[in-house]
1. Check GLU15, GLU5, GLU45 and return the single one that is touching a strand residue (DSSP E or B) at 6+ places or on another chain (Cβ under 6 Å), within 29 Å of ARG152 (Cβ to Cβ), surrounded by fewer than 21 Cβ atoms within 10 Å (Cβ to Cβ) and of a type in the set (D, E, K, R).
2. Among the residues of the range 91-101, is there at least one that is closer than 21 Å to ALA2 by Cα and assigned to a helix (DSSP H, G or I)?
3. Among the residues of the range 178-206, which ones are surrounded by fewer than 14 Cβ atoms within 10 Å (Cβ to Cβ) and either under 20 Å from ALA156 (Cα atoms) or modelled with pLDDT under 95 (or both)?
4. Mind listing whichever residues of the range 105-122 are closer than 27 Å to ALA246 by Cβ, in contact with a strand residue (DSSP E or B) (Cβ under 7 Å, 6 or more places away or on another chain) and not small (Gly, Ala, Ser)?
5. I'd like the full set of residues that are of a type in the set (Gly, Ala, Ser) and part of a loop (DSSP other than H, G, I, E, B), limited to the range 114-137.
6. Mind checking which residues of the range 33-64 are part of a loop (DSSP other than H, G, I, E, B), out of contact with any Asp or Glu (no Cβ under 8 Å at 6 or more places or on another chain) and touching a residue at least 60 places away in the same chain (Cβ under 8 Å)?
Amino acid sequence: MATFELGPRDALAFEHAPPANAKGLTFVFVNAITGDIAQWRAVGERLRGAGHGTLAWNFRGQAGSRFAPGTRLDLPLIVGDLLRLLGGLRPARPVLVGLSIGGLYAARAILEGAEARGLVLLNTLRKPGIRLDWINAAVVRVMEVAGPLLMRDLMAPLLFGPAWLEAHRAECLLPDTRYEPLDPTSGQMELLRRMGEADWNVPWERLDLPTLVVSGLQDRVFFDARDVAELAARLPRGRRLDLPEAGHMLPVEVPEALAEALTGFAREIAP
């Protein structure tokens, strides 16, 4: 894992592999708030096998990425870091792929001038409102009280499809699990606190580039069929792909299906 330096106490952990051929694209992965480079590795391996490049990175506050104490790890900072990373590494023919709120960061970066041949939104589209505000606040509260293991045990049936749940049920809700609050000074907690401040009122009409909207229909937290249809229709060059048996965390649940969708998208937009 390499490090992209931002300052004396700030840096981004990243993994970058250029395309293997002259027509290959570079898929730039943008994490969810609780994401990590590792979640993209199975998808990335398949994409590199097809001749494409990949760039995965962690936000400041995520594993291996440094930040100075007191830094606000909010949307403007994350979008700015993405722009600096792209400007510094200059990945060949980038396609931005954002998971959940990561799609919001990717879209905002493009609106602020990031070069991109295409955009992929994985379970991103949603409308702001009381329901989203409540979810964001509840996530922070659970982390403050009992931490990520309780969050997993509570939310897994709502976020994952049945195949993943069957495979991992024996690992969860164990009687001897010790639930521990997340460190209130950690980068992860700061990211979670700032998550609720993100502006979801995106001018989707201004994203005039090939855009693939991928929805896991087993996502019982963020997927709203009517809202996704309405927002996707505002994308000038958007198309949709629904994955009926998958939930929210597509790179983890269905890496093969996701890699197939991305390579198909690449064929559509390749020069």
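The values are calculated or read from the model by the stated rules, or taken from the named source; none is laboratory data. The model shown is predicted, which means the values in this text are computed figures rather than measured ones. Here Cβ is always computed from backbone atoms with ideal geometry, including for glycine, and neighbour counts include all displayed protein chains.
1. Numbers: GLU5 fails: within 29 Å of ARG152 (Cβ to Cβ); GLU45 fails: touching a strand residue (DSSP E or B) at 6+ places or on another chain (Cβ under 6 Å).
Being touching a strand residue (DSSP E or B) at 6+ places or on another chain (Cβ under 6 Å), within 29 Å of ARG152 (Cβ to Cβ), surrounded by fewer than 21 Cβ atoms within 10 Å (Cβ to Cβ) and of a type in the set (D, E, K, R) holds for just one of GLU15, GLU5, GLU45, which is GLU15.
2. no
3. Within the range 178-206, the first condition is being surrounded by fewer than 14 Cβ atoms within 10 Å (Cβ to Cβ), and the residues that meet it are 178-180, 183-186, 197, 199, 201, 203, 205-206.
Once the filter is applied, which keeps residues that are surrounded by fewer than 14 Cβ atoms within 10 Å (Cβ to Cβ) and either under 20 Å from ALA156 (Cα atoms) or modelled with pLDDT under 95 (or both), the range 178-206 yields ARG178, TYR179, GLU180.
4. Those that are closer than 27 Å to ALA246 by Cβ, in contact with a strand residue (DSSP E or B) (Cβ under 7 Å, 6 or more places away or on another chain) and not small (Gly, Ala, Ser): TYR105, ILE110, ARG117, LEU119, VAL120, LEU121, LEU122.
5. If we filter the range 114-137 for residues that are of a type in the set (Gly, Ala, Ser), which is where we start, we get 114, 116, 118, 129, 137.
Those that are of a type in the set (Gly, Ala, Ser) and part of a loop (DSSP other than H, G, I, E, B): ALA114, ALA116, GLY129.
6. Taking the range 33-64 as the starting set, the residues that turn out to be part of a loop (DSSP other than H, G, I, E, B) are 33-36, 50-52, 58-59, 61, 63-64.
Those still in the list that are out of contact with any Asp or Glu (no Cβ under 8 Å at 6 or more places or on another chain) too: 33-36, 50-52, 64.
Scanning the range 33-64 gives ILE33, THR34, GLY35, ALA50, HIS52, GLY64.
A quick yes/no check of all residues on (1) within 17 Å of the chain's Cα centre (by Cα); (2) more than 16 Å from MET195 (Cα to Cα):
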residue: ARG126; (1), (2): yes, no
residue: GLY129; (1), (2): no, no
residue: ASP133; (1), (2): no, no
residue: VAL145; (1), (2): no, yes
residue: LEU159; (1), (2): yes, yes
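Condition check ((1) in contact with a helix residue (DSSP H, G or I) (Cβ under 9 Å, 6 or more places away or on another chain); (2) of a type in the set (Lys, Arg); (3) within 29 Å of PRO148 (Cα to Cα); (4) crowded, with 21+ Cβ neighbours inside 10 Å) across all residues:
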{"position": "ALA20", "(1), (2), (3), (4)": "yes, no, no, no"}
{"position": "ASN31", "(1), (2), (3), (4)": "yes, no, yes, yes"}
{"position": "GLN39", "(1), (2), (3), (4)": "yes, no, yes, no"}
{"position": "ARG84", "(1), (2), (3), (4)": "no, yes, no, no"}
{"position": "GLY98", "(1), (2), (3), (4)": "yes, no, yes, yes"}
{"position": "LEU104", "(1), (2), (3), (4)": "yes, no, yes, yes"}
{"position": "GLY113", "(1), (2), (3), (4)": "yes, no, no, no"}
